[in-house]
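A quick write-up on the structure given underneath.
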Amino acid sequence: MINTSPMQKLKMIPCVKCGAMMPELRLTQYGYNYCVNCSTEKPLVARFHTTGKGEDIMTGIQIMDQNTAVRLAEMDNASSGLKENIDLEMLDYDKDESAANQTQKEGIHNTMNSEDN
Ligand SMILES: [Zn+2]
């Protein structure tokens with residue numbers, strides 16, 4: 001009789017950064033060789049901005065960490081005469097899903113880049 005407890009099915013490997021055990025899936029599926037604790041400590045921020053006027057309005061999205069986003073928002077607010085509208089959206093994902101969402105975000109990012117061309 002083969003013992004198929006969940007613990008044995010899920011192979012664990014050590015995080016390269018802190019040495020904590022993490023599911024090997026994280027490396028094989030998502031390409032991260034470090035654990036969730038060593039990945040982005042704060043949720044990333046999607047920064048939407050629109051520039052231009054009339055028919056030439058363009059919308060862009062930037063993905064960055066919260067510190068950067070807050071700093072940029074402060075700068076934008078300081079020079080409030082600007083015609084750029086900033087809308088910060090905190091991406092507060094569950095840590096377990098962060099790897100999958102990171103892939104999604106890269107997809108969004110690529111889409112926006114290609115529109116620039
Ligand atoms: Zn770690």
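The values are calculated or read from the model by the stated rules, or taken from the named source; none is laboratory data. None of these values were measured; they are calculated from a predicted model. No Cβ is skipped: glycine too gets one built from the backbone with ideal geometry, and neighbour counts run over all protein chains shown.
Quick one: which strands (runs of 3 or more DSSP E) sit completely within the range 1-52 and have at least 3 residues that are in contact with a helix residue (DSSP H, G or I) (Cβ under 8 Å, 6 or more places away or on another chain) and at pLDDT 80 or above?
In the range 1-52, there are no strands (runs of 3 or more DSSP E) which contain 3 or more residues that are in contact with a helix residue (DSSP H, G or I) (Cβ under 8 Å, 6 or more places away or on another chain) and at pLDDT 80 or above.
For the range 68-92, which residues satisfy the criterion of being at pLDDT 75 or above and loosely packed, with under 11 Cβ neighbours inside 10 Å?
Selection gives Glu74 alone.
Pick from the range 10-62 the residues that are under 13 Å from the mean Cα position of the chain (by Cα) and among the basic types (Lys, Arg): which of them is farthest from the ligand (Cβ to nearest atom)?
The extreme case among them is Arg47.
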